[in-house]
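*Asks:* Take this structure first; my questions come after.
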Amino acid sequence: MDSWINQIASNSTSGAAEILRLAGEVFSQLRAHQIELSERSVEEAQRAILETAIALVRAQPEMSPLLRLASVAISAASTATTARDAVKSAEDHALKFIDSAERAARTAALHAANLILPGATVLTHSRSSTVLTALLEANLNGRHFSVVATESRPGLEGRSLAHALAREEIRVSLITDLAASLAMEDVDVVLVGADTITKEDLVNKIGTRMIGLAARERGLPFYAVCDTSKFINADYWSRPVPKERSIDLVRPDAPAQVREVNGFFEPIPLAHFTAIITEDGILSPEEASRRAERASIDKRLSHALEQFRRQIR
């Protein structure tokens with residue numbers, strides 16, 4: 001399981017959908033050890049599930065679907081009467097959550113595809129699998145449009161997105177992040193993904209805030225597309241451990257006197273967005289905020305994370 005969690009922690013290019021599938025493997029690996037766990041008490045098995053859940057949240061603290069997934073697994077295991085049933089229930093509910101999130105993301109993408117009109121130019125940032133699905137779906141529906149994709153530093157996920165679009169013969173231009181504002185002179189709509197939505201902010205790849213402000217200045221619609229597994233109450237969402245990222249992506253040969261800061265994510269106020277597109281359709285920023293406020297997590301997980309945060313302060 002450690003290898004799977006390390007794989008999740010070191011993954012800086014995949015979106016939440018891909019990360020969730022990897023997380024499902026973690027719970028499957030935990031169940032693979034159920035023979036060993038079955039010799040323990042149900043309380044010990046539940047503790048192992050809680051520790052696994054905390055490790056997942058720590059691996060990608062910016063991605064609220066992992067927090068929601070961990071919560072579902074812990075809640076499911078809490079009603080078990082044997083260690084074997086606790087592990088099985090945790091895995092079953094985790095996999096159901098992942099399947100539901102994938103179907104919801106697909107539906108959200110279909111709603112977003114309807115916003116891409118023939119002849120339009122869409123600007124996007126980073127590599128959201130949901131945004132990519134929306135673009136591919138619009139193309140399959142016979143709409144001829146073009147895409148402007150940012151490189152999305154420091155991970156350069158935008159290059160991968162551009163290549164995926166080019167393979168489907170969608171017209172795509174790859175630009176540097178700092179060229180986004182200038183490129184908007186020929187853009188009709190801005191479409192980005194999301195890793196987390198709280199009652200105040202949307203968290204996405206760094207650079208999204210700058211792009212949103214430029215879109216607002218030019219009066220362009222600025223949409224985020226994601227499923228509601230990304231929604232989480234701000235009282236619960238936090239980074240239990242600051243996620244370490246390689247500074248080599250900024251400058252490998254930086255002088256020792258230069259302090260490098262290499263952030264991957266940033267919060268963008270919900271008010272900056274025209275709307276949030278989910279499996280339930282188009283939500284206003286106000287409605288998205290209310291939805292996030294109602295998305296709580298299991299109290300056991302919340303308590304455990306709070307204890308951990310206190311230990312590292």
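A short reminder: the numbers here are calculations on the coordinates, not readings from a lab. Quantities reported herein were computed from a predicted structural model and do not represent experimental measurements. Neighbour counts run over all protein chains shown; Cβ positions are idealised from the backbone, glycine included.
*Asks:* Given contacts defined as C-alpha pairs under 8 Å and at least six residues apart, what's the relative contact order of the chain, whole-number percent? Before the final figure, lay out the partial values.
*Replies:* Working: 596 pairs, mean separation 60.1, N = 313.
Rounded, it is 19 percent for the chain.
*Asks:* Hey, of [x] 18; [y] 15; [z] 33, which did the structure itself give for percent of Cα pairs over 37 Å apart when calculated?
*Replies:* Step by step, percent of Cα pairs over 37 Å apart for this structure corresponds to label [x].
*Asks:* Order these peptides, 108-115, 68-75, 160-167, by their mean beta-carbon neighbour count within 10 angstrom, highest first.
*Replies:* Values: 108-115: 21.1, 68-75: 25.4, 160-167: 17.1.
Put in order of decreasing packing, that is 68-75, 108-115, 160-167.
*Asks:* Please compute one quarter of the surface area of the Cα convex hull for region 107-293 and express it in square nanometres. If you can, show how the numbers build up before the last one.
*Replies:* Values: hull surface 45.1 nm².
Spelled out: convex hull of the Cα atoms, projected over all directions, averaged, 11.3 nm².
*Asks:* Per-residue ellipticity at 222 nm for the chain, helices alone: DSSP H runs ≥ 4 residues times -39500 (n - 2.57), over residue total, nearest 500 deg cm²/dmol? Each step should come with its number before you reach the end.
*Replies:* Values: 12 runs with 153 residues, N = 313.
After summing the helix terms and dividing by the residues of the chain, the value is -15500 deg cm²/dmol.
*Asks:* Please list, in chain and number order, the residues 5+ apart from residue 277 or on another chain whose amide H is under 5 Å from its amide H, with Hs placed from the backbone.
*Replies:* Placed amide hydrogens put 224, 225, 226, 283 under 5 Å from residue 277.
*Asks:* Taking R0 as 22 Å, what FRET efficiency do you get between residue 266 and residue 303 from their Cβ-Cβ distance, rounded to the nearest 0.05? Write down the numbers at each step before the final one.
*Replies:* On the way: r = 28 Å, r/R0 = 1.28.
Plugging the Cβ-Cβ distance into 1/(1 + (r/R0)^6) gives 0.20.
*Asks:* Can you put 127, 171 in order of Cβ neighbours within 10 angstrom, beginning with the fewest? Kindly include the intermediate steps, with their values, before the conclusion.
*Replies:* Values: 127 24, 171 13.
Ordered by Cβ neighbours within 10 Å, fewest first: 171, 127.
*Asks:* Only bridges with both residues in the chain count here: give the DSSP antiparallel percent, nearest 5. Please report the intermediate quantities before stating the final value.
*Replies:* Working: 10 of 28 bridges.
Around 35 percent of the beta bridges assigned by DSSP in the chain are antiparallel ones.
*Asks:* Please give the Cα centre distance for region 156-209 versus region 1-76, rounded to the nearest Å.
*Replies:* Cα centres, region 156-209 to region 1-76: 30 Å.
*Asks:* Just rank 102, 279, 169, fewest to most, by other beta-carbon atoms within 10 angstrom.
*Replies:* Details: 102 16, 279 19, 169 8.
Ranking 102, 279, 169 by Cβ neighbours within 10 Å, fewest first, gives 169, 102, 279.
*Asks:* How big is the antiparallel share of DSSP beta bridges in region 107-293, given as a percent to the nearest 5?
*Replies:* Numbers: 10 of 28 bridges.
Of all bridge pairs located within region 107-293, approximately 35 percent are antiparallel.
*Asks:* List every DSSP H helix in the chain whose Cα atoms extend 30 Å or more along the helix's own long axis and whose mean Kyte-Doolittle hydropathy is at least -1.0.
*Replies:* Working: long enough: 83-113 (45 Å, -0.28).
Taking the DSSP H segments of the chain (at least 30 Å long, mean hydropathy at least -1.0), we get 83-113.
*Asks:* Give, in nm to one decimal, the length gained when the segment between residue 253 and residue 51 is fully stretched (0.36 nm per residue of separation minus the Cα-Cα distance).
*Replies:* Numbers: separation 202, 0.36 × 202 = 72.72 nm, distance 3.79 nm.
Using 0.36 nm per residue and subtracting the Cα-Cα distance, I get 68.9 nm.
*Asks:* A follow-up question, please. Take peptides 173-186, 43-56, 135-148 and line them up by average Cβ neighbours within 10 Å, highest first, as a rough protection proxy. Walk me through the numbers on the way to the answer.
*Replies:* Details: 173-186: 15.1, 43-56: 20.4, 135-148: 17.6.
Ranking the peptides 173-186, 43-56, 135-148 by packing returns 43-56, 135-148, 173-186.
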